[in-house]
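Data first, discussion second: the structure below is written as structure tokens.
The values are calculated or read from the model by the stated rules, or taken from the named source; none is laboratory data. Worth saying up front: this structure is predicted, and the values here are computed from it rather than measured. In this analysis, Cβ positions are derived from the backbone assuming ideal geometry, glycine residues included, and neighbour counts consider all displayed protein chains. Note: accessible area is taken over every heavy atom of the protein model, side chains too, but ligands, DNA and RNA are not part of it. Shrake-Rupley method; radii C 1.70, N 1.55, O 1.52, S 1.80 Å.
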Amino acid sequence: MLTDRNFNYFMPTKILFGSGKAKQIIQECNIRDNDKIFIVADPYLVKKGYITDGLENSNIDYEIFSDFEPNPSTASVETGAKLAKKTNCNYIITIGGGSSMDTAKGIALRAVNEGHILDYSRIGNRTVKNCPLPIIAIPTTAGTGSEVTPFAVLTDTENSRKIAVSHPLLSPKIAIVDPELTISMPSKLTAETGMDALTHAIEAYVTINAHPIADSLAIGAIKIIGKNICKAVANGENIEARNNMLLASTMAGMAFSAVGLGIVHSTAHALGGVVHLSHGVSNSLMLPYVMEYNLISKPEKFRDIAEALGENTQGLPLFEAAKKAVKAVKNLNALIGIPEHLRELGVKKDIIKELAQKAVNDVGTFPKNPRKSCLKDIIELYEKAL
């Protein structure tokens with residue numbers, strides 16, 4: 001749908017998509033013999049040798065960093081940055097899920113800029129003076145879309161909060177998006193990361209900054225996920241479903257990079273910071289509750305989402321059609337084993353106020369929600385989800 005609003009769209013990442021692409025990293029990315037590569041990957045992927053096998057037969061020197069957590073901490077970024085600086089690395093290759101890529105982005109920034117990574121978050125506002133190290137990002141999960149975004153979400157463990165670092169130059173220079181690397185994902189992780197991608201697409205589609213280019217990417221991603229997530233969860237070796245889910249994840253990343261996210265992410269970031277729930281399960285659990293809350297703000301768009309997820313809205317009044325979007329997401333969660341309530345994950349009522357306050361303070365996502373919200377609203381959302 002056309003709009004008379006002004007908008008900008010910037011996509012600095014070159015995307016190399018297709019099965020087998022990761023095996024051609026040296027040729028595809030023009031890595032030179034005199035480059036010193038800093039590889040950021042979890043220990044399992046290092047052991048599997050996805051990247052190092054290709055580099056062993058070259059004259060390219062590399063350093064490996066895998067000392068980071070599933071919800072990567074600012075401390076891990078600082079440790080990695082010191083090592084990258086000490087070893088004079090000039091390129092970063094990161095392979096894995098969002099944790100690997102977020103860690104790599106923090107390291108890329110801090111290796112060439114003074115201070116602490118917190119200084120460059122939205123609560124620090126320190127200016128990035130030197131261009132971060134260039135990043136090649138290779139996702140092994142179909143969820144975060146981090147391979148095409150300028151964002152890194154890190155955990156400030158001292159204050160039990162998630163913080164976002166954002167800069168246009170943090171977008172990876174190249175994204176190698178290879179569906180073959182997602183085949184080994186367990187069913188549970190496939191479900192959680194797939195719903196994470198759906199959350200990105202839905203929030204991007206309804207955010208206050210939405211525009212036609214991002215809308216096309218977001219609604220396209222929603223359609224693809226609706227048709228493929230159950231297939232991918234049921235059979236991880238279904239390469240067509242894996243291909244489609246990874247494509248949708250990247251599309252959703254491209255969409256929200258341009259227009260931002262909303263309070264699904266605000267509430268999920270708080271859950272990750274306080275009770276250390278995984279980002280994927282936090283997003284997917286909170287998604288239907290926030291959709292129901294946001295529905296009155298953009299009912300036409302929620303009707304679009306319902307139709308994109310295969311719901312029949314023909315002949316229904318607008319708000320009845322819009323409500324079908326919430327129903328569709330609840331059904332997907334149930335089909336693929338996502339918990340319906342926070343209490344199933346050990347969340348207690350006595351921390352809801354703390355969670356809500358941290359969610360409201362999430363300046364990266366909270367202001368972009370389509371329905372204006374306050375602390376009382378977020379408390380009520382958590383209580384419904386409990």
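The table below gives the values:
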quantity	calculated
Residue-span extension gain [ARG126 to GLN27] - 0.36 nm each, minus C-alpha spacing	32.0 nm
Packing-based order for 337-345, 210-218, 277-285, 251-259, using average beta carbon neighbours within 10 Å, highest first	251-259, 277-285, 210-218, 337-345
Most mobile of ARG371, ARG32, ARG110 in a GNM of the chain (Cα contacts under 10 Å)	ARG32
Whole-number Å³ per residue for the convex hull built on Cα positions in the chain	128
222 nm mean residue ellipticity, helices alone, for the chain (DSSP H n ≥ 4; -39,500 (n - 2.57); rounded to 500)	-15000 deg cm²/dmol
Percent of Cα-Cα distances greater than 21 Å, calculated over region 24-169	38
Förster radius 30 Å - calculated FRET efficiency between SER297 and LYS227, Cβ distance, rounded to 0.05	0.65
Potential lengthening between ARG343 and LYS85 on full extension [0.36 nm per residue; Cα-Cα distance subtracted]	88.5 nm
Heavy-atom accessible surface of the chain: percent carbon and sulfur, 1.4 Å	51
Paramagnetic label zone (point 7 Å from Cα along Cα-to-C-beta, LEU316; backbone N under 20 Å) in region 323-344	323-336
Pairs of Cα atoms farther than 24 Å apart, region 127-234, %	35
Options ALA164, THR127, THR140, ranked by Cα towards positive dipole end of region 116-181, top entry (Cβ charges)	THR127
Pair ASP350, LYS327: separation of 7 Å Cα→Cβ label points (nm)	4.0
On Cα atoms only, tilt of 299-308 relative to the major axis of the chain in degrees	70
GNM result for the chain, Cα springs below 10 Å: residue of ALA221, ALA22, ALA234 fluctuating most strongly	ALA234
Kirkwood estimate for region 68-140, i.e. one over the average of 1/r between Cα atoms, Å	12.2
Farthest toward positive dipole pole in the chain [+1 Lys/Arg, -1 Asp/Glu at C-beta], among THR13, GLY236, ASN294	ASN294
Student exercise, the chain dipole from Lys, Arg, Asp, Glu Cβ charges, in Debye to nearest 20	620
Helix axis angle, 375-385 relative to the chain longest principal axis, alpha carbon, degrees	90
Interatomic Cα distance distribution for region 268-310, bins of 5 angstrom, percent	6, 22, 20, 19, 15, 11, 7, 0
